[in-house]
Structure formats: C-alpha cells, structure tokens
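The structure appears below as structure tokens.
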Amino acid sequence: MSHRVKSYAIINTSASFDSLKGKESLDAALILASYEMPVSLFFIGDGVYQTINAQSAETIQAKDYIATFKALGFYDIEDIYVCNDSLDARNIATTSVLADAQCCDKHLIKSKLEHCDVVLTF
Amino acid sequence: MKPLPPTIHLIRTSAFADNKLQLCIDTLGVNDELFLLDDGTYNVNHALLTNLSNPVYVLDEHLTSRAVSAAEFEVINYVDLVQATVKAGKVITWQ
C-alpha cells in the first residue's frame, strides 16, 4: 500500500496582532513543510491584513512573526494565495510582504482548496 | 444645568470580522465619541464610518504598527486617550 503524502492547506482569516492566530498558523505551516508535507497558504477575510507591507510589531511590543514570512521560500512554500476581493473590501493595495504571493479571486482559491487533502483554518 | 460630559466608545475589533462597530453605532448618542484601538484601527477603511457625524479618533501606535493610514480621522496618542476617558461621562468598550 503506497503511503501518499497528504497535501495541507492553511487558511488565514485573522488579522495580524490581536489574536495569536497569525503566528500560530505560520508556525504550523513551517512545521508541516519541515516534514516535507506539501503546504499551500491562503489569506482571506481579515487574514489579508497580515500581508501588508511595513507592519511594525515592535511598536506594540508584539512578536514580529511577519518577518518570518521570508522563511517561507526556504521551506519550499511557494503556493501562496491572497484574496483580491478581501483586499479591495478593505481598501488595501496589493503590494505584499510575501514574495511568492499571488493575488487571485475567490473562485481560483476555491479550486486550489479542492486539491488539498487537509485544510486548517486560523 | 452643566452639559453632560460625552460618552466615549472604545472600538477594539475590525468591522470586517464582527458586528461590534455596527452594534456601537446603533446605540450611539448625538455627541458620543468613538476611539479606534487595536484591530479597531482597521475600521478607518470601513463604510460604517464614512458618513458618521460623531467624532472618531484613532490611536497612533496601533495604527502605525498595522501600517494603516488614518484617512480623514484624527490621530491621537495614549495621553489624549487617557484624558478623554477621565473627562468622559461614560466609557463603553466594544470587544
């Protein structure tokens, strides 16, 4: 029986700092990737706030996990999708702190999600 | 009779994520004031505040840490916030 490796989708729906969800979701992604699990990241709803450039966690003495987004490439996490509709609703420019992020509409996000075996939301 | 000191509302969450700001606006008095703190600073881009007659203030540190621009709302610091809570009649926190 061949053990097929499961692919993981991590969906971020929370903003950067007030809840620890953003940091926890990034930790989960990096841990899974370090075990060679295929991981794709999704940012929808208030999750898109995490992708804004020039956030400064130290201003409010929060853990600067945003800087750790740079490690995603090193862990081979390159399938990163940011929801365009959520960005527009929040009046955010699409310049992103994520190097490999693709801004796309929710239909593409839905189709990408269908290919993932396990979906975790944060 | 001395005019009543204003009631101030502290908004701490994003109206894109929950209905707290809507609930606050539903109970807003004529000269009540709104203060946007923490994730509430994201509300500067929300339609609920665009044609609101009440004064709206935003805390500077919480705004800059989230790289959000204040749009037309007045930016204040912690000292202003504390003074406002001291002279306010009532302080209501929506979280």
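The values are calculated or read from the model by the stated rules, or taken from the named source; none is laboratory data. The structure presented is a predicted model; accordingly, all values stated were derived computationally and were not measured. Quick reminder, even Gly has a Cβ in these numbers, built from the backbone with ideal geometry, and neighbours come from all protein chains shown. These accessible areas exclude ligands, DNA and RNA; they are computed on the full protein's heavy atoms, side chains included. Shrake-Rupley method; radii C 1.70, N 1.55, O 1.52, S 1.80 Å.
If residue A:92 meets every condition in (1) surrounded by 16 or more Cβ atoms within 10 Å (Cβ to Cβ); (2) assigned to a strand (DSSP E or B) apart from one, which number is that one?
Tallying (1) surrounded by 16 or more Cβ atoms within 10 Å (Cβ to Cβ); (2) assigned to a strand (DSSP E or B), residue A:92 fails exactly one: (2).
Which one of these does residue B:12 not meet: (1) closer than 20 Å to residue A:55 by Cα; (2) open to solvent by 60 Å² or more (accessible area, probe 1.4 Å); (3) out of contact with any Leu (no Cβ under 6 Å at 6 or more places or on another chain)?
Of (1) closer than 20 Å to residue A:55 by Cα; (2) open to solvent by 60 Å² or more (accessible area, probe 1.4 Å); (3) out of contact with any Leu (no Cβ under 6 Å at 6 or more places or on another chain), only one is false for residue B:12: (3).
Taking the criterion of being closer than 21 Å to residue B:41 by Cβ and not basic (Lys, Arg), would at least one residue in the range A:20-32 satisfy it?
Checked the range A:20-32: at least one residue is closer than 21 Å to residue B:41 by Cβ and not basic (Lys, Arg).
Among the listed residues A:24, A:114, A:58, which satisfies the condition of being more than 14 Å from chain B (Cβ to nearest Cβ) and either open to solvent by less than 60 Å² (accessible area, probe 1.4 Å) or over 14 Å from the mean Cα position of the chain (by Cα) (or both)?
Criteria check complete, one pass: A:114.
Looking at the structure I just gave you, is residue A:110 assigned to a helix (DSSP H, G or I) and either basic (Lys, Arg) or at pLDDT 95 or above (or both)?
yes
For the range A:10-21, which residues satisfy the criterion of being open to solvent by less than 10 Å² (accessible area, probe 1.4 Å) and assigned to a loop (DSSP other than H, G, I, E, B)?
Residues satisfying the conditions are A:15, A:16.
Go through the range A:27-55 and count every residue that is more than 24 Å from residue B:77 (Cα to Cα) and either loosely packed, with under 15 Cβ neighbours inside 10 Å or of a type in the set (Val, Ile, Thr) (or both).
Total satisfying the criteria: 9.
Filter the range B:18-59 for residues that are away from chain A (no Cβ under 14 Å), surrounded by fewer than 19 Cβ atoms within 10 Å (Cβ to Cβ) and of a type in the set (Asp, Glu) and give the result.
Listed by number, the residues that qualify are B:26, B:33.
Can residue A:6 be described as within 14 Å of another protein chain (Cβ to nearest Cβ), open to solvent by 50 Å² or more (accessible area, probe 1.4 Å) and either modelled with pLDDT under 95 or out of contact with any Ser or Thr (no Cβ under 8 Å at 6 or more places or on another chain) (or both)?
When the stated conditions are applied, residue A:6 does not pass them.
Restricting the range A:61-70 to residues that are in contact (Cβ under 8 Å) with a residue 24 or more places away in the chain and either in contact with a strand residue (DSSP E or B) (Cβ under 9 Å, 6 or more places away or on another chain) or not in a loop (DSSP other than H, G, I, E, B) (or both), which is most open to solvent (accessible area, probe 1.4 Å)?
Among those that are in contact (Cβ under 8 Å) with a residue 24 or more places away in the chain and either in contact with a strand residue (DSSP E or B) (Cβ under 9 Å, 6 or more places away or on another chain) or not in a loop (DSSP other than H, G, I, E, B) (or both), it is A:70.
Go through (1) over 23 Å from residue A:66 (Cβ atoms); (2) within 14 Å of another protein chain (Cβ to nearest Cβ); (3) assigned to a helix (DSSP H, G or I) one by one and return the number of the condition residue B:72 breaks.
Failed condition: (3).
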